[in-house]
Every structure is written in C-alpha cells, then in structure tokens.
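Structure record follows, encoded as structure tokens.
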Amino acid sequence: MRAREWVVAATYGDPTDYDVPALPTWRVERGADGDLAFAATDRDEPFIAAERPVRVRR
C-alpha cells in the first residue's frame, strides 16, 4: 500500500471506508547503543531492526 493513498483516504475520513487497510500498530524499541527496532504489538520479536540508524534527508 502506498503511503499517498492512505494519506488521501485519511484526509476525507476513515481509510477503511475507502477500502484502504488500516495502518498496523507498531511498537518502537530503542537500545542503549542507539539500536532501533519495530515490532508488531501482538508479537515479541521485531520484524525489522537497525544497529546503526542514520538520519536521511529527502
């Protein structure tokens, strides 16, 4: 799902009213060394993690 579709649908109400799936609920974890991980709220193990995340500019 593209982010733009979700934003447009959310601008005009609940995205699920326009057959756009709801965003999942994520838990963000940060380690003492700056590690970053994203996990689903209903699971213990993260689905994506970064040991040394860096800021980027678009």
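The values are calculated or read from the model by the stated rules, or taken from the named source; none is laboratory data. Small disclaimer: the values here were computed from a predicted structure and weren't measured. Every residue, glycine among them, receives a Cβ derived from its backbone with ideal geometry; neighbour counts consider all protein chains shown. In case anyone asks, the SASA skips ligands and DNA or RNA and just uses the protein heavy atoms, side chains included. Shrake-Rupley method; radii C 1.70, N 1.55, O 1.52, S 1.80 Å.
A few remarks follow.
- Each Lys or Arg adds one and each Asp or Glu takes one away; over the other residues whose Cβ falls under 13 Å from the Cβ of residue 44, this sums to -1.
- Considering only Cα atoms, the convex hull volume of region 3-50 works out to 101 Å³ per residue.
- Solvent-accessible area per residue, Å², over region 3-50 with all protein chains present [probe radius 1.4 Å]: 82
- With every protein chain in place, region 3-50: carbon and sulfur % of accessible area (1.4 Å): 54
- Residue-count net charge about residue 29 - beta-carbon cut-off 14 Å; Lys, Arg +1, Asp, Glu -1: -2
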